[in-house]
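Asks: Take this structure, written in C-alpha cells, and hold onto it; I'll ask about it next.
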Amino acid sequence: MTKEKLDAFFSAEEKSGERKINLIRLVAIAVFFLNELFNFHVLGVVGHRLHLNAVRLLLAWEVYAAAAWYLVNRRGVYARWMKYVSAGADALFLTLILVLVEGNNGPLVPMYYVLIIESALRYSRRAIFASAGFSAAGYAAVWYFSFGNPRLVPISAYVAVLQMLIMALVGAFAGYVVRKMRGLVLKFAHNLVRREMAESALSRYVSHQVARKILDSPEGGAIMSEGRRTHAAILISDIRGFTPMSEAMDPVELVRLLNLYFSRMVDVVFRHDGTLDKFVGDALIVVFNDPFDQPDAEKRALACAAEMQAEISVFNKQQEAAGKRTLGVGIGVHCGPVVAGNIGSETRMDYTVMGDTVNFTSRLQGKAPAGAVYVSAAVQKKTSEDFSYRDLGRMEFKGYAEPAGVYELLTATR
C-alpha cells in the first residue's frame, strides 16, 4: 500500500472522526441545555444571572455545533485544518461558560479532559496535542479570572498547575495510543500488501482458494519453495498441428487465440484444484497432489482432462460460428513419484515438477490424437471403478525399453 493511499485512508478516518465528534457535540450540548433549564425552573438551584449567562453561551455553542454538523456531516466539506479550529472552539466555549457562570471549581471542569479524549476520534496526534494545549490554556484563563471575584474561592496555584499538567499528560497518553494505533494499521497494511503479492504470485500456479490455503498453513509460502519427493498425478495437454498453424497465422491473432484457449483451460484446472506447473509453448502441464495432499489426485486429473476436452468442444463451436480457427488437443494423464519445488536463480524462480513420471506423461500425451485423453495403466488401475476406458494395448515410447499399457478415457461411471 503506497504512502498516498495510507494518507488518503487516515484523512478519511479523520473526517469520519470529525463527523462523530460533531454529532456527539450537538447531542451533548442539547443535553446540557435541558439540564440547565431543569436546574433553574424545577430545582431552583441556579441564580438568575448565572442561568442567563449559561443559556446564552450554550445556545451560541449549539449554533456552532449545528453549523459544524451541517458543513461536515451533511455537505461533506472537510479540510484537515478544521480539526484544530474545532478543538479550539470547543475549549473556548467551555472556558467562557466556566468564567461567566463562575464555575472555576464546579463539575464542568473535567469536561476539559473529555475534550482531550474525544479528540482521539480524529486519529491525529497533533489534533490531540492541540486539544490538550487549548484545554490547558482555557483552564489557565479560568484560574486567572477567579482572582478578585468575591463570590469565588480562588484556585490555588498548586491545584491549577497540577490540573494543567494532568491535561498535558492525558494529551500525551492519548497521542501515544493514537500513534501506536496508526503504527499497527501501517504494519497491517504492509503485511496485507505482502500477502496479496504472495497470493498473486501463487495464483499463477493454483486457484485463489488454494493460494489462500497455502498462505494460511503453518508452513506458509515455504511449502512451495522447498524441494520434496512426492507422489503426483500429472496432466499434460498439447495442441495438435500447432507448428504449421503458427507459421500460417498472423502473430497477433496467434497470441490472441492462445490466450483465449489457455484462459479457459486454466479456469478448468483451478476448478479441480490442480496446480499449474507451466506453459511450454502450446502445451500445458498440470500437477495434482502437490503442494497439498489430494487422496483422489488421479480422479481429479481425469475429471479435469474430461472437462478440458468438453470446454475445447464448446470453444471450437464458438470459433466456427465466428469464422475463426479451431483447435485440436490431445491430453495425457499419468501418476508416480516426482521431485517438486521452486527452481531457478535468486532473482527468478518458478515452481515445477521433475522426474520420469513427467517425462512419460509427455510421451503419453504425444500419442493421444485431437479430442482424446490417454491414460497410463497406473492411473487406470486407481480409477477403474470411477471411469470407463478403451484398452489400447501396449505401446512403445521413445526412451523406454519396454512397451507400456495405454487406455483411452471414455466416460465417468459415477
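Please treat every number below as a calculation from the coordinates, not as lab data. All values derive from a computational prediction rather than experimental measurement. Neighbour counts run over all protein chains shown; Cβ positions are idealised from the backbone, glycine included.
Asks: Fewest to most neighbouring Cβ within 10 Å: what's the order for H41, H334, H272, H51?
Replies: H41, H51, H272, H334
Asks: In whole Hz and in residue order, list the ³J(HN,Hα) couplings for segment 138-144 that follow from phi through the Karplus curve 6.51 cos²θ - 1.76 cosθ + 1.60, θ = phi - 60°; x for Gly and Pro.
Replies: x, 5, 4, 5, 4, 4, 4
Asks: Still on this structure, I have one more. Give me the net charge for the shell around E396: Cβ to Cβ below 12 angstrom, other residues only, Lys and Arg +1, Asp and Glu -1.
Replies: +3
Asks: Counting helices only, and only those DSSP H runs with n ≥ 4, report the 222 nm mean residue ellipticity of the chain as the sum of -39,500 (n - 2.57) divided by its residues, in deg cm²/dmol to the nearest 500.
Replies: Mean residue ellipticity, 222 nm, calculated: -19000 deg cm²/dmol.
Asks: Please compute the net charge surrounding D250, taking Lys and Arg as +1 and Asp and Glu as -1 over other residues with Cβ under 14 Å from its Cβ.
Replies: Combined, the nearby Lys, Arg, Asp and Glu give +1.
Asks: Here's something else I'd like to know. Go through K187/K278; K15/K187; K324/K382 and tell me which ones have a Cα-Cα distance over 30 Å in this structure.
Replies: K187/K278; K324/K382, as the Cα separations exceed 30 Å there.
Asks: Restricting to DSSP loop positions (anything but H, G, I, E, B) with no more than 12 other Cβ atoms inside 10 Å of their own Cβ, which trypsin sites (Lys or Arg not before Pro) remain in segment 277-386?
Replies: Here the sparse-neighbourhood loop sites are R348.
Asks: Output ³J(HN,Hα) for segment 159-174: one whole-Hz value per residue in order, computed from phi by the Karplus curve 6.51 cos²θ - 1.76 cosθ + 1.60 with θ = phi - 60°, and x for Gly and Pro.
Replies: 5, 4, 5, 5, 4, 5, 5, 5, 4, 5, 5, 4, x, 5, 5, 5
Asks: Sequence neighbours fewer than 8 away in the same chain don't count; with that in mind, list the aspartates and glutamates whose C-alpha is under 19 Å from K367.
Replies: Excluding near neighbours in sequence, the set is D238, D282, D356, D391, E396, E402, E408.
Asks: Could you pull out every residue, at least 5 positions away or on a different chain, whose amide H is within less than 5 Å of the one on Y78? Hs are placed 1.01 Å off N in the peptide plane, and Pro or chain starts have none.
Replies: Answer set, sorted by chain and number: none.
Asks: While we're here: Return the lysines within reach of K20: Cα separation strictly under 20 angstrom, same-chain partners fewer than 8 residues apart disregarded; answer none if there are no such residues.
Replies: Answer for K20, where 20 Å is the Cα cut-off: K83, listed by chain and number.
Asks: Rank the residues V379, V252, V159, V406 as a footprinting-exposure proxy: fewest other Cβ atoms within 10 Å of their Cβ go first.
Replies: Exposure proxy ranking, most exposed first: V252, V159, V406, V379.
Asks: For segment 62-169, which GluC sites (Glu not before Pro) pass both filters: DSSP loop (anything but H, G, I, E, B) and at most 14 other C-beta atoms within 10 Å?
Replies: Passing sites in segment 62-169 do not exist.
Asks: In what sequence do S246, S146 fall when counting other Cβ within 10 Å, fewest first?
Replies: If I rank by nearby Cβ atoms, fewest first, I get S246, S146.
Asks: Restricting attention to segment 75-114, which trypsin sites (Lys or Arg not before Pro) occupy a DSSP loop and are surrounded by at most 13 other Cβ atoms within 10 Å?
Replies: For trypsin sites (Lys or Arg not before Pro) across segment 75-114 that sit outside H, G, I, E and B with at most 13 neighbouring Cβ atoms in 10 Å, the list reads R75.
Asks: Next up: If one computes the Cα centroid of segment 241-281 and of segment 107-121, what distance in Å separates the two points?
Replies: 65
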